[in-house]
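Read through the structure below, which is laid out as C-alpha cells, and then see the notes.
Every read-out reported here was derived from the displayed coordinates using simple, explicitly stated rules and does not represent laboratory data. Remember, predicted model here, so these are calculated numbers, not experimental data. Heads up, the Cβs are rebuilt from the backbone with ideal geometry, glycines too, and the neighbour counts pull from every protein chain shown.
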Amino acid sequence: MEKTIIITGYGIVAKEFCKLIVDKAETIKDKYGFTLTVTGIIGSKGMIYQQEGLDLQTLIEDEIGSNALIEYSKKKQVSFINPIYEADVLVECTPTNVENGEPGLSYILEAIHAGADIVSVSKGALVHSFPLIKKVAANKESRLKFSGATAAALPTIDIGDDCLSGCTITKIEGILNGTSNFILTSMNNENISFEDALQIAKERGIAEANPSLDIKGFDSAYKILLLANELFGMDYTIKDVAIEGIEKLTSERMEEIAKRKKRVKLIASAYRENDQTILEVKPTELDENHPLFYVNGTNKGILFETEEMGTICATGGASHPKGAAAAALKDVINLYKNEANTQLIRA
C-alpha cells in the first residue's frame, strides 16, 4: 500500500521530515505495511510536483527554502506549478503565523476540501482557526493530527487522546518550551542573570535571534491552548490564556527560591474550576515532590491529572527540528497503520 504526501513549506523541519522518510522507508514498509511517497512540496515560488514521487535523496542534497526547490526543479527539469492537493495527506510545515494563520490555513482548508488528511507541525493556523478547521475536517471526514505542534517530540496529544481514552482529565500541566526551560535551568544551576542565561542560549543555538515568543510565554500558550481545545473539547482563543513570561525573573529571586529547595519552571496549565476551564502560563515554584521539578535543560514535560488513572507524567523529548519532524512522521504512520494492517489481514 502506498500513501502519498504533499508538504507545505520547506524549512528545516520539512527537510528533516524528508530525511526521515528516506532513512525509515524499509522500516515503515516492513513494520507497518505501506510506503510513503512525497509527490509535491509547496513553497513561496510555487509547487514542485511529480506524480511518481519526488527524488528525496536529490532534494535533501541542497539547503532549505525556495532555493532548494529551485535547484531541484533545475536538476530534474520539473516546472513550478500552482498548488494542487491530490494526495492522501498534507504535512503543514510553514512558519507559525498566529495573526491570520496564513499561508498554512489556506493550505489546510484546500487540502481538506480535496479529500486529504492533515498533519500539522506549524501552530499558526491551528491557534488562529482551530474550531473552523475541526468543523471543515469533520464535514469532509478528513482526519487531523498535530502532535508536532504541541511540544514536538514530547508525546502530549498522544497521551491525552489515546492513553487516557475514557478518562476524565481534570488538569494538564506542562513545561512545553525547551528554550525557556534551558534559561531557567542555567539561572538556577549557575546563579547567573536572565540576560546572561539568554546569551548562552543564543550562543548554543538554543534561542533564536528574536526569542520573544519563547521567553514571554507565547509559544507555551499556543501549545496549552491547542491541548485544551483538543482534549477538553473547547473553542478557546489565545485571548483566553493568561500569559506571563520569564523575562522579569532575577538571579536574586532565583537564589532565594533555591534556598527554599524549590525551582522555578515556566508552567503552562489548563484545569477546571467552578465549571470553567482556566488556561494560564506563568513562572511557577515547584518543590521536589512535583514530577516536573527534575525536568531541566531543553527537556520538556507534560502531566495529566485524571479521576480514574491518577497522575500521568512524561518528560524528555528532543527540542530540535528532527524531533518535530519525527512527530510529524509518527502522526502520518498512526493515520494509516491500522488501515494497512486491515488490508494485510484481508489479503
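Just a few scattered comments:
- Coordinate range along principal axes, alpha carbons of the stretch 169-248, Å, largest first: 41, 24, 21
- With the simple model of a label 7 Å out from the Cα in the direction of the Cβ, residue 210 to residue 339 spans 3.9 nm.
- Ordered by the number of other Cβ atoms lying within 10 Å of each residue's own Cβ, fewest first, 18, 163 fall into the sequence 163, 18.
- Candidate membrane-span-like segments in the chain, meaning DSSP H helices with Cα atoms spread over at least 18 Å of their own axis and a Kyte-Doolittle mean of -0.5 or above, are 124-139, 218-231, 321-346, with no membrane implied.
- Checking every one of the GluC sites (Glu not before Pro) in the stretch 249-295 against DSSP loop status and a limit of 13 other Cβ atoms within 10 Å picks out 288.
- Straight-distance crosslink candidates among lysines, where the alpha carbon sits under 18 Å from residue 3 and sequence neighbours closer than 8 are dropped: 19, 24, 29, 31, 145, 330, 337
- Protection proxy ranking, peptides 289-296, 76-83, 108-115, average beta carbon neighbours within 10 Å, highest first: 108-115, 289-296, 76-83
- Applying both filters, DSSP loop and at most 15 other Cβ atoms within 10 Å, to the GluC sites (Glu not before Pro) of the stretch 299-329 gives 307, 308.
- Alpha carbon centroid spacing (whole Å) that separates the stretch 201-270 from the stretch 21-76: 35 Å
- The magnitude of the dipole of the stretch 9-75, with charges of +1 and -1 set on the Cβ of Lys/Arg and Asp/Glu and taken from the Cα centre, is near 160 debye.
- A straight Cα-to-Cα reach below 19 Å connects residue 171 with the lysines 223, 265, 282, 300, residues fewer than 8 places away in its own chain not being considered.
- Residue-wise HN-Hα couplings along the stretch 240-246, as the Karplus relation 6.51 cos²θ - 1.76 cosθ + 1.60 with θ = phi - 60° gives them from phi, are 8, 9, 7, 10, 9, x, 10 Hz; Gly and Pro carry x.
- Given R0 = 30 Å, the distance between the Cβ atoms of residue 71 and residue 134 translates into a calculated FRET efficiency of 0.20.
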